[in-house]
1. Tally time: how many residues in the range 70-111 are outside any loop (DSSP other than H, G, I, E, B), surrounded by fewer than 17 Cβ atoms within 10 Å (Cβ to Cβ) and of a type in the set (Asp, Glu)?
2. Quick check on my filter: what residues within the range 175-215 are loosely packed, with under 15 Cβ neighbours inside 10 Å, among the β-branched types (Val, Ile, Thr) and assigned to a loop (DSSP other than H, G, I, E, B)?
3. Scanning the range 100-114 for residues that are among the aliphatic types (A, V, I, L, M) and within 13 Å of the chain's Cα centre (by Cα), which turns out farthest from Arg157 (Cα to Cα)?
4. If you take the residues of the range 145-160 that are surrounded by fewer than 21 Cβ atoms within 10 Å (Cβ to Cβ) and not acidic (Asp, Glu), which of them is nearest to Pro202 (Cα to Cα)?
Amino acid sequence: MKKLLLLMPLSLLTFVSFAQSEKYVKAMEKLVPSVDTVWNVDQLKELSNSFERIADAEKTQWLPYYYAALTRVNAGYAIMMSGATGADKTDPEGNKAQELITKAETLSKDNSEIFIVKKLIATLMMVGDPMNRYMTYGPAASEALETAKKLNPENPRVYLQEGADKINTPEQYGGNKEEGKKLMEEAKKKFETFKPESNIHPNWGRGQVQYYLSR
């Protein structure tokens, strides 16, 4: 009887941990699909806030901080795409995304996916004031993308970002649409064989590849 009583707290703890984990996964499953489909500024900010709330509740999971950063930096790009330009418009999103991805990185070192987001943040900060920031954020973006590729050469989002850079950069600054197309085709191939670790791990980008190739 004594042995049984001693085992009960451990069993209860295991049950509680399992319940928390199940609750976490279900919460993430509801939000993750929107990462690849939402491009409205307010909705992206709301999505980022939702991921951050999960991250702060869990404290040991890198994925919610990662998605909170990704959707926040995407909000910055969405602001830019809406026609609003200038560092004063996009820096708040870039700064918040940086804060969030730093938290993700403390929980998951040497992670290719995290370096993809760091690349996106550096690029957003650069385009906010390209004349004054290129020498700082340009190399930071390139270095982050190179690191992402070294950590996982099979990550299709690496080739998506490389291709997007080639396509969106003017030729006089190193852009090349033909090279960009080849990189997008490589990204498409990588996506065909890519398998995320779970249904809440990063799997976004297919739609962006199709968009670029359709152009």
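1. Looking only at that region, the number is 3.
2. none
3. Ranking the candidates gives Leu100 first.
4. Asn152
Readers should treat all values here as calculations from the given coordinates under stated rules, not as data from a laboratory. All values reported here derive from a predicted model rather than from experimental measurement. Glycine gets a Cβ as well: all are built from the backbone with ideal geometry, and neighbour counts include every protein chain shown.
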